[in-house]
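Read through the structure below, which is laid out as structure tokens, and then see the notes.
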Amino acid sequence: MRLLIWNLGWVILTAAWMGPLPDMARHSFAAHMTLHMLIVAIVAPMLSLAAAGRRYDPVRFCPAFFAPVPASVGELIIVWAWHGPGLHHWARHETVGFVVEQSMFLAAGVWVWLSAFGGGQPRTRQRSAAGVVGLLLTSMHMTLLGALLSLSPRLLFHHPHGLSGLSPLEDQHLGGAVMLVVGGIVYLAGGLVLTGDLLRGRSAEPPSMQNDTATRASTLEASVCKTS
């Protein structure tokens, strides 16, 4: 199943980058946002979940870099920065800008999802709890940005065209709605999955706590035997 998810993730990524969306995104903000969500909310979690806990999972070798909350904050900075007017127009009208933007979106998405789900399996309770916070924080900031774009009474970016039949402002509102719904829901769902693991007790205690528990159990057993 993991191999299927891994391969499917790469197929979707190839279709997103090599299909019609990049050209459409030059003129349509909704197409731009659809491409963005495909990368960070579909491809990134698929690749990350397929790699989590495997021998090539980078979280196992550099866990400090993949702390869930800092990863979420880093992703927030990247996403909001690329939706500033200057970087946004660079990505929409220059090939180099588009490549840099999309690469950073993919890297940021994988960073967040691997931080939440990667590392040793089963995950420690601390990492699962931090993953919940990280994914919910990401869901909140994507919901906020999506709401800002979909409710704005004026154009925030200059794009003279929209999707067929839509005005530029309606096109912007549609793009914001895509981010609001897809980004908000997918990251919220990831946080709820980790919350469910915590409630069901599927997350393991860290080795130090396991050792402390084993030591206390051994001491108690020895005391009982000695009393007997």
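The values are calculated or read from the model by the stated rules, or taken from the named source; none is laboratory data. As the structure is a computational prediction, the values presented were derived from the model and not from experiment. Positions of Cβ are generated from backbone atoms using ideal geometry, with glycine treated the same way; all protein chains shown enter the neighbour counts. Accessible surface is based on the protein model in full, side chains and every heavy atom, while ligands, DNA and RNA are left aside. Shrake-Rupley method; radii C 1.70, N 1.55, O 1.52, S 1.80 Å.
For the stretch 99-194, what is the accessible area per residue in Å² when the probe is 1.4 Å? Please list the in-between numbers first.
Details: 4040 Å² over 96 residues.
Here the per-residue accessible area is 42 Å².
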### Message
For the ranges 100-113, 164-177, what's the packing order if you count other beta-carbon atoms within 10 Å of each residue, average per peptide, and put the highest first?
### Response
100-113, 164-177
### Compactness of the stretch 98-171 - radius of gyration and Dmax, Cα, Å
17.6, 51
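Quote to one decimal, in nm, the extra length available between SER103 and LEU4 on full extension: 0.36 nm per residue of separation minus the C-alpha distance between them. Write out the running numbers ahead of the final one.
Values: separation 99, 0.36 × 99 = 35.64 nm, distance 2.29 nm.
Contour length minus Cα-Cα distance gives 33.3 nm.
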### Query
Residues of the stretch 1-57: accessible area per residue at 1.4 Å, in Å²?
47 Å²
### For the chain, with +1 on Lys and Arg beta carbons and -1 on Asp and Glu, the positive-most of GLY119, ALA107, HIS173 along the dipole
GLY119
### Task
Working from Cα positions, state the angle (0 to 90°, nearest 10) between the long axis of helix 184-200 and the longest principal axis of the chain.
10 degrees
### Task
Using only the alpha carbons, work out the radius of gyration and Dmax of the stretch 42-188 in angstrom.
16.8, 51
### Summary
Quick calc, the chain, dipole around Cα centre from Cβ unit charges on Lys, Arg (+) and Asp, Glu (-), nearest 20 debye, gives 680 debye
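Just need the relative contact order of the chain here, percent rounded to a whole number, with Cα pairs under 8 Å and 6+ apart.
Numbers: 319 pairs, mean separation 56.8, N = 228.
After rounding, I find 25 percent.
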#### Entry: Dipole in debye (nearest 20) - the stretch 5-101, about Cα centre, beta carbon charges: Lys, Arg +1; Asp, Glu -1
240 debye
### Solvent-accessible area, 1.4 Å probe, carbon plus sulfur percent, for the stretch 61-144
81 percent
## Note on the structure
When the charge dipole of the chain is computed with +1 on Lys and Arg Cβ and -1 on Asp and Glu Cβ about the Cα centre, the Cα farthest towards its positive end, among PHE61, LEU151, ILE78, belongs to PHE61
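To the nearest 0.05, what FRET efficiency results for LEU155 and PHE61 with a Förster distance of 41 Å applied to their C-beta separation? Mind dumping the intermediate values first?
Details: r = 45 Å, r/R0 = 1.11.
The calculated FRET efficiency here is 0.35.
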### Query
Whose amide H sits under 5 Å from the amide H of THR124, counting only residues 5 or more places off or on another chain, with H placed in the peptide plane?
ALA204
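Show me the trypsin sites (Lys or Arg not before Pro) within the stretch 33-123 that DSSP assigns to loop and that have at most 10 other Cβ atoms within 10 Å of their Cβ. Spell out each step's value before the answer.
On the way: sites: ARG54, ARG55, ARG60, ARG92, ARG123; in loops: ARG54, ARG55, ARG123.
When the trypsin sites (Lys or Arg not before Pro) of the stretch 33-123 are filtered for loop state and at most 10 Cβ neighbours within 10 Å, ARG55 remain.
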### Query
With axes computed from alpha carbons, what is the tilt in degrees of helix 68-82 against the longest principal axis of the chain, rounded to the nearest 10 within 0 to 90?
10 degrees
### Query
Say we join alpha carbon atoms closer than 10 Å with springs in a Gaussian network model of the chain; which of VAL132, VAL99, VAL73 then has the biggest fluctuation?
VAL99
